[in-house]
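Structure record follows, encoded as structure tokens.
FYI, it's all coordinate maths here, none of it is from the lab. What you see is a predicted model; the values in this text were computed from it and never measured. Please note: Cβ atoms are built from the backbone with ideal geometry, for glycine as well, and neighbour counts cover all protein chains shown.
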Amino acid sequence: MKALTISLFTCFLFSFNAISQNTIEANVENWEYGTAKIGVLDFISGSTQKFGSIDKNGNLSIELQPNFLQKMKEQMEKEQEKSPEGWKASLKTVSKTFSCFSGDLTYKNGDTNLSSLPKQLVVFKNEKEILGILMPASNKAIADFFFSNSEENSTTGKYLEWTYLDEPATVKGTCNTTTFTQAENESFKAAKTYSLDLKKGWNLIEYHITEVFEDSTGQIYPKTTEIQLIKNIPSEINWYFSAEK
């Protein structure tokens, strides 16, 4: 993909902010790209996979497929055929996805397979024309932070991720890590607290950045994040779009 601009179009969810019959629905304000697809991009093969769409009026729809993990397995097998020699694709597990180098997390059924809609979804016209990326967050600064690969300033707030499991699992505890900043010889302790009782099928996970850290250069990073399972999309969540340039 080409470099992405940081100019964003805000996708307000208004009364359409809902999940109905395994479909996420929203309205994208000031949408000007016509009909488009929403999905993921495989960086090995360059192919795209569709999960949803945006119509010419900006109405967004993303399907939460009931057999999502099986489809990901089948897609992985296809991509394996196109992969470089010696590269082996494998499914993610709960313990590897929500991992902690310090070992401060506890798991139940940590070997359970999972697959997620990435928090940054690709918006595209066809296999070759990528329009940009899309993300659900409670404010523009959080979206900017992830769109820019942590180069823009973060702030407190929330973002969401949808994850599919083939069996129930739990993740509990706090993971503390040392994060190095862009300032020379400067670091801080970042903490992520997990309270996840994940069920079989689709799970809506909320990441709530409750505290940030500012380094000596003025760069701001997430410092404490609370991760929990929620039932409904919070009212403050908007969808943000970063257009490719």
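Along its three principal directions, the equivalent ellipsoid of the stretch 147-245 from the Cα gyration tensor extends over semi-axes of 27, 18, 11 Å, largest first.
Summing Lys and Arg as +1 and Asp and Glu as -1 over all other residues whose Cβ lies under 14 Å from the Cβ of E211 gives a net charge of +2. When the alpha-carbon atoms of the stretch 90-157 are used, the pair Rg, Dmax equals 15.9, 44 angstrom.
The Cα center of the stretch 134-186 and the Cα center of the stretch 218-234 differ in position by 7 Å. Computed extension gain for E186 through D111, at 0.36 nm per residue and net of the alpha carbon distance, reaches 23.4 nm.
Checking the cross-link filter: which aspartates and glutamates have an alpha carbon closer than 19 Å to that of K37, excluding same-chain neighbours under 8 positions apart? The reachable aspartates and glutamates, counting only those whose Cα sits under 19 Å from K37, are E25, E29, D55, E63, E127, E129, E161, E244.
Extending 7 Å from the Cα toward the beta-carbon at both K245 and E151 defines two label points whose distance is 1.0 nm.
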